[in-house]
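Throughout, read-outs are computed from the coordinates displayed, never taken from laboratory work. In this text, all values refer to a predicted model and were calculated from it rather than measured experimentally. Ideal geometry is used to build each Cβ from the backbone, glycine not excepted, and the neighbour counts take in all protein chains shown.
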Amino acid sequence: MKFFIVGNASSVWMKEYIKEIHIKNKHTVYLTVFDKSKLKYEEEYRKLGIHLVEIGSKSTKFEKITKSFKLIVFAIRCRMGNKVDVIEIQSPPHNFQARVLAFIIKIMNVSSLLVFWGSDILDITTSDAMKMEALIKNCSKINIASKQTHDAFTKFYGQKYNELFNEYPLKFGTLGIPYIDKVLSKCSKSDCKQFFNINSNLTTIAIGYNGKKRQQHIDVLNQIKTLDSEEKAKIHVILHMVGADDVNYKNKVRELIDSTGIKYSFIEGDLNFVDIAKLRLATDIFIHAQKTDGLSGSIRECLYAEVLVINPSWIKYYQFEENGMEYLEYSSFYKLNGILRKYFAGKINLNYKENKKIIDEMYSWKAAEENWIKVFNDLVL
């Protein structure tokens, strides 16, 4: 099969997805590169035999017109040469580009698959949704992988596109699973804490999984800082602030954690897969607090690493509940310290090993592959 994939070539999720699903099944892949100057993984893509379709290198208004023209030219060439069987749009845009891609689908005249990632439908406005609709109308199949994203989609479009939902829900594998296994074969939990210069006797509490404001680090820290001095002495807070797009917010988080007297790690740079695996294994408690989430890989990695996950009640993981996953829930930030005190007192007993088993069975790349292939076959046959 031959695929034209439109998406962010610099996303590690994109790279791993193509490697684990397409390359392993010997597919021919053409992948868009919208900004060559920011492209990551170019050498790895080329080694995998992926055809990079370079659309542009800048983001000026004039360059956007040029990119649209290049996409149209590529689409015409593909149609004339029968180069592509399926157009696959990963994390669809909700701007002018959506209309351009709708036109591209018409030109190429092949089956198309629209794959929502979460934030592309969870965090948009009504105006954004209307711009995206031209693209939705022209797709053969739409993938909505979770109830949260389905509810958000329905809020904007009602039931009128239900016939486009693919029969088999498509999921991404959890990137960290093989690396957590690899680290565990050589290192203990204490070793992983020491790697980040953390006292192995302290309880590590990770807040959020990136540096964006919607992770609500400050609300969580405002509660933790009210613990008494004896309780504070037992913990080490981990703040992985990668991807922070608001410097003022990041500085406020640092100032607040500084003021608490609690030991902490403030990690700002990107970590490779092995180091992320060590970070998950170095974590005892993960406090999730962001406003919306489409079931991130970070949450799955924490559960696979047998971490106590404390999740807000405003985010529901129905797949987890249906499969018996065990984690704790809080309805307001004021409840967090009570949960932590129960943990310190040894009153929280969850089946962490069963959580790990469920994640492996549901969210490994091997588990995800079967449905992708079924959908591809339906689109081509």
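Data for the structure
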| quantity | calculated |
| --- | --- |
| Dipole of the chain, positive end: most advanced residue of Leu328, Ile89, Phe156 [Cβ charges, Cα centre] | Ile89 |
| Rounded Å value of the spacing that divides the Cα centres of segment 172-219 and segment 284-362 | 14 |
| Nearest-ten-degree value, helix 61-81 long axis tilted from longest Cα axis of the chain | 60 |
| Electrostatic dipole magnitude of segment 17-146 [Cβ: Lys, Arg +1; Asp, Glu -1; Cα centre; debye, to 20] | 460 |
| Listed residues Ile65, Gly118, Ala277: farthest to the positive end of the dipole of the chain (Cβ charges) | Ile65 |
| Under the Karplus curve 6.51 cos²θ - 1.76 cosθ + 1.60, θ = phi - 60°, whole-Hz ³J(HN,Hα) for segment 148-162, x wherever Gly or Pro sits | 4, 5, 5, 4, 5, 4, 5, 4, 8, 10, x, 9, 5, 10, 4 |
| Pairwise centroid distance, computed over Cα atoms, of segment 79-130 with segment 223-249, Å | 40 |
| Paramagnetic reach from Asn210 in segment 276-295 [backbone N under 15 Å; point 7 Å along Cα→Cβ] | 289-295 |
| Segment Ile65-Val380, extension gain: residue separation times 0.36 nm, minus the distance between their alpha carbons | 110.3 nm |
| Packing-based exposure ordering (other Cβ within 10 Å, fewest first) of Val183, Val242 | Val242, Val183 |
| Nearest-0.05 FRET efficiency for Asp191 and Trp314, computed from C-beta distance (R0 30 Å) | 0.25 |
| Dipole magnitude (debye, nearest 20) for the chain, charges at Cβ of Lys, Arg, Asp, Glu | 840 |
| Using θ = phi - 60° and Karplus 6.51 cos²θ - 1.76 cosθ + 1.60, couplings along segment 171-182 (whole Hz; Gly, Pro as x) | 10, 8, x, 7, 4, x, 4, x, 6, 5, 4, 5 |
| Length added when fully stretched, Ala345-Phe273, from 0.36 nm per residue minus Cα-Cα | 22.6 nm |
| Ellipticity estimate at 222 nm from DSSP helix runs (n ≥ 4, -39,500 (n - 2.57)) divided over the chain, nearest 500 | -13000 deg cm²/dmol |
| Förster-model FRET efficiency, 51 Å R0, Glu369 and Leu202, C-beta, rounded to 0.05 | 0.80 |
| Two-site FRET efficiency, Met80 against Lys155, from Cβ-Cβ distance with R₀ of 51 Å, rounded to 0.05 | 0.80 |
| Label assignment, Cα extents along the principal axes in Å derived from the structure, set (i) 72, 43, 40; (ii) 59, 52, 52; (iii) 109, 47, 43 | (i) |
| Neighbourhood charge, 12 Å Cβ-Cβ cut-off, centred on Val274 and excluding it, Lys, Arg +1 and Asp, Glu -1 | +2 |
| Dipole in debye (nearest 20) - segment 99-140, about Cα centre, beta carbon charges: Lys, Arg +1; Asp, Glu -1 | 260 |
| Residues in segment 206-231 that a label on Asn337 would reach, taking backbone N under 17 Å of a point 7 Å out along Cα→Cβ | 218-231 |
